[in-house]
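What follows draws every value from the coordinates through simple rules; no lab data is involved. The structure displayed is predicted, hence computed values, not measured ones.
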Amino acid sequence: MENAFIPNKRKNYDNVFNSHSKNLLQMCKAFDLRILNGRIRGDSFGNITYHGKLGIISTVDYFICDQFLFTFVDHFIVKSQLICQSTAKFLPG
């Protein structure tokens with residue numbers, strides 16, 4: 001069973017591990033932060049958050065919180081690319 005102090009292993013469709021990934025994980029460990037992407041109901045598979053024009057996909061947007069807040073998060077959803085594109089048509093700017 002998962003709790004704020006012993007979280008389940010995080011799932012992620014983005015399998016690229018580079019210096020940015022390493023720095024993010026080191027920061028989270030140093031400050032006892034939790035990445036919720038791929039760990040919480042609604043995004044239990046670690047959905048992709050970036051879809052590039054050349055077919056490049058990645059996780060670049062993270063929901064990160066401390067252990068206390070982690071206990072209050074019930075779920076969150078990463079919207080699909082299709083929903084984001086259709087919504088962008090109606091946004092000003």
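Tabulated data
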item: Amide H contacts of Ile57 (H built 1.01 Å from N, under 5 Å, at least 5 apart or other chain); result: Gly52
item: Anchor Lys22: aspartates and glutamates whose Cα lies under 16 Å away (excluding residues fewer than 8 positions away in-chain); result: Asp14, Asp32, Asp61
item: Candidate lysines for bridging to Lys79, where Cα separation is under 18 Å - those fewer than 8 sequence places away on the same chain excluded; result: Lys11, Lys53, Lys89
